[in-house]
1. Could you list, in sequence order, the residues of the range 314-328 that are in contact (Cβ under 8 Å) with a residue 24 or more places away in the chain and within 19 Å of ALA294 (Cα to Cα)?
2. Any idea how many residues of the range 366-380 are modelled with pLDDT under 95 and polar (S, T, N, Q)?
3. Would you mind stating whether ALA204 is assigned to a loop (DSSP other than H, G, I, E, B) and within 25 Å of LEU456 (Cβ to Cβ)?
4. So which residues in the range 354-365 are among the hydrophobic types (A, V, I, L, M, F, W, C) and outside any helix (DSSP H, G or I), if there are any at all?
5. Condition first: more than 18 Å from the chain's Cα centre (by Cα) and modelled with pLDDT of 95 or more. Now tell me which residues in the range 37-52 satisfy that.
6. From the residues in the range 127-167 that are touching a strand residue (DSSP E or B) at 6+ places or on another chain (Cβ under 9 Å) and not aliphatic (A, V, I, L, M), which one is surrounded by the most Cβ atoms within 10 Å (Cβ to Cβ)?
7. Which count do you get for residues in the range 419-471 that are more than 13 Å from the chain's Cα centre (by Cα) and closer than 13 Å to ALA218 by Cβ?
8. Quick check on the range 142-187: of everything there that is within 15 Å of the chain's Cα centre (by Cα), among the aromatic types (Phe, Trp, Tyr) and not in a loop (DSSP other than H, G, I, E, B), which residue is farthest from LEU111 (Cα to Cα)?
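The values are calculated or read from the model by the stated rules, or taken from the named source; none is laboratory data. Worth saying up front: this structure is predicted, and the values here are computed from it rather than measured. Cβ atoms come from the backbone with ideal geometry, glycine included; neighbour counts cover every protein chain shown.
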Amino acid sequence: MKLEAPQRQLGAEARLGLGVFGASLALFAVRFLVPRPIAMSNNGDGARVLCGAGITWHGGPEPFIHLAYFAEPGAAPCRPTYLLTQSWLADLAARIGRLIGLHATLSLVVLGLLSSVIAAAAITAIVLGLPYRRRARLAVAAALLLVVADSAFFGYFAAVLGEGAAFLGVLLAVGGLLLTAREGRWAYAGMAVTFAGGVLVVNAKVQTLIILPILALAILLVRPGTLRGARRWAAAALVIGAIGTVTLAAQQSVEPAVAPDGTLAARPGDDSREINVFNSIFLNIVDGRHDTQADLAELGLPPSFAQYAGNGWWHPHPATMDPRYPQYRDRMSRRNVVTYFAAHPGRTLEVLHRAATDQLTARPDYLGSFDQDAGFPPHAQEHRVPVVSWLTGLIAPLGLFALAPIWLFVLVSAWRQRRTAVGIALAFLFAVSVTQFGTAALGDGIEGIKHQSVALFTILVALVLCSSPLNRRRQPTVP
């Protein structure tokens with residue numbers, strides 16, 4: 001007996017999904033391991049990720065990667081001061097390592113392969129959720145592979161840094177939103193994928209917590225398959241509530257941090273709030289390249305602080321060493337910084353322009369890719385898949401003059417497809433990229449290229465979704 005058309009179509013979809021997943025995973029594995037494993041070295045924050053995975057480890061910035069981390073013998077158990085979902089992936093990788101008999105507490109090879117599996121699954125979800133013909137969907141899959149495998153991003157998957165989990169969460173969230181709009185069981189699968197991606201990306205770093213309301217709005221706007229009326233809103237509320245509940249529980253599970261002024265932090269990241277604001281003030285505003293005395297007066301700081309212009313928190317001679325600093329600690333506030341930028345649009349544009357250049361530069365030069373035994377000099381980087389970052393690097397000197405047209409293109413594409421799940425996914429990606437850009441640009445004055453990586457990755461995924469020349473021809477969703 002001949003199969004009915006819907007059954008044949010379901011079979012074709014299953015074969016497409018398995019093919020995309022298998023090919024993606026195989027390519028990621030080769031890209032990761034051949035001729036030797038690669039990752040991103042620790043910039044000094046890796047102790048947070050390791051601590052969240054139950055591994056007590058002390059160490060600073062590293063010119064090389066460590067392919068294996070071992071818990072320090074006799075060290076007291078640590079508790080993270082704020083959550084990074086990369087810690088969850090590291091913990092899972094450590095459990096897998098123990099299961100297969102590895103001696104290391106955490107193997108970055110296992111972590112990289114685990115992240116590759118999740119990335120392949122996320123790309124598969126996006127491909128299956130697109131309402132295009134097979135050729136267009138395969139073209140999108142190929143473009144996504146180029147973005148994910150690019151040397152500017154792929155190394156984060158096998159690293160003790162928070163960005164890798166953010167990339168995976170973005171991909172899963174987009175795939176989930178697209179699948180939710182399909183009919184039948186696809187919609188329920190999409191809700192589950194959206195939940196998983198939302199939890200990963202929202203809790204990836206402190207700066208990504210602001211993604212939660214953006215994702216919640218996207219979930220409300222996507223129509224779940226054939227669900228209508230109360231069932232539709234109940235399904236959306238269930239997914240949003242689940243992401244919010246897990247986020248709240250996870251963020252409250254960490255130990256209260258001790259802020260630089262000695263007080264206990266009330267919110268995640270409060271232990272670094274003063275540090276971030278301090279860097280924004282002395283690196284973005286009182287930077288020694290403008291009217292320093294006028295800027296100090298505007299911020300309510302004494303003229304003698306001019307000697308610290310351009311000196312960040314970790315500089316050998318920062319303002320924190322000044323005897324008068326405790327008297328002016330209350331001026332190190334987000335409100336003070338926001339008030340200054342609001343009153344000085346020219347300076348704000350200057351900072352944003354520099355941040356746009358950082359974003360398009362794509363890759364910081366101080367994070368190495370190889371283990372010390374690989375025979376490469378310190379901070380050496382791999383360039384196995386440099387296509388996307390090479391292209392963005394060409395236009396990086398243009399700053400906002402290059403980034404703003406990209407934003408406009410994505411925004412117009414989202415508006416033109418506003419009645420579809422693709423349009424909602426594009427709007428979600430656009431909003432995430434812009435808010436992450438602004439948060440990293442104005443909220444901190446250091447590691448601009450690294451802190452812009454989430455914004456860049458997000459807008460590149462959006463470009464892939466809205467740039468396919470074949471996406472005008474649609475295919476009916478599978479009932």
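1. Listed by number, the residues that qualify are ALA319, TYR328.
2. Here the count works out to 1.
3. yes
4. Answer for the range 354-365, where residues must be among the hydrophobic types (A, V, I, L, M, F, W, C) and outside any helix (DSSP H, G or I): just ALA362.
5. Of everything in the range 37-52, those that are more than 18 Å from the chain's Cα centre (by Cα) and modelled with pLDDT of 95 or more turn out to be PRO37, ILE38.
6. The extreme case among them is GLY155.
7. 12
8. PHE167
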